[in-house]
Amino acid sequence: MACWNRLVQPRVLIARYPDEWRQTRAIRLAYAFEVIRWACQQMPGRSTLAPSSHAISVRSAYRTEGYQAQLKAAGYATAVKSQHLQGRALDLAPPAGMPTAQFYEVIHNLATTTIEEIAGIGEYSTFVHVDTRPNRARLATWHRTTQDAQRAA
Ligand SMILES: [Zn+2]
């Protein structure tokens, strides 16, 4: 649930993350991730697929300020108040054979029926951003499938 910024070994990096992230935020994200994974597996025609077909890749998770700066320097349009910097966001690639738009709909349905922790969902060309931002007044949603394909949401 945390990005490896390539400068620090993961075991060292994880110890640098705030206690609040390790004790609450990561758990909320892990819960959302597992429900999303389960829901995808239960979809018609998917439950009989090979286990490898159910894999959901985490493209991005917790980002340090340093890693965010690296992304910006590399030309990615990063959000100033990114939920990734708060340890509250995951960018997830859909499982094999599932279009990104369908994956977005699965997550949106879960966010409005089952997983109240999900407060933000963004659809991109190859992944869906999911976050658990605090004080959810309403579900924040956006679609950037035709532009900013390289955006690091
Ligand atoms: Zn994101």
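The values are calculated or read from the model by the stated rules, or taken from the named source; none is laboratory data. Quantities reported herein were computed from a predicted structural model and do not represent experimental measurements. We place every Cβ from the backbone using ideal geometry, glycine too, and count neighbours over all the protein chains shown.
A few points about this structure:
- Residue 77 vs. criteria in contact with an Asp or Glu (Cβ under 9 Å, 6 or more places away or on another chain), at pLDDT below 90 and more than 17 Å from residue 108 (Cα to Cα): yes
- Selection status of residue 90, buried (at least 17 other Cβ atoms within 10 Å of the Cβ), within 14 Å of the ligand (Cβ to nearest atom) and free of Cβ contacts under 8 Å to residues at least 24 places away in the same chain: no
- In this structure, residue 80 does satisfy being more than 17 Å from residue 29 (Cα to Cα) and out of contact with any Ser or Thr (no Cβ under 6 Å at 6 or more places or on another chain).
- Residue count for the stretch 122-143, restricted to those that are in contact (Cβ under 8 Å) with a residue 24 or more places away in the chain and within 11 Å of the ligand (Cβ to nearest atom): 7
- In the set (1) more than 15 Å from the chain's Cα centre (by Cα); (2) surrounded by fewer than 17 Cβ atoms within 10 Å (Cβ to Cβ); (3) over 29 Å from residue 19 (Cα atoms); (4) touching a residue at least 12 places away in the same chain (Cβ under 8 Å), residue 50 fails one condition alone, (4).
- Breaking point among (1) out of contact with any strand residue (DSSP E or B) (no Cβ under 7 Å at 6 or more places or on another chain); (2) within 16 Å of the ligand (Cβ to nearest atom), for residue 102: (2)
- The set of residues in the stretch 58-81 that are closer than 25 Å to residue 116 by Cβ and surrounded by fewer than 15 Cβ atoms within 10 Å (Cβ to Cβ) contains only 81.
- Test result for residue 119, within 16 Å of residue 29 (Cβ to Cβ), more than 12 Å from the ligand (Cβ to nearest atom), at pLDDT 85 or above and crowded, with 18+ Cβ neighbours inside 10 Å: yes
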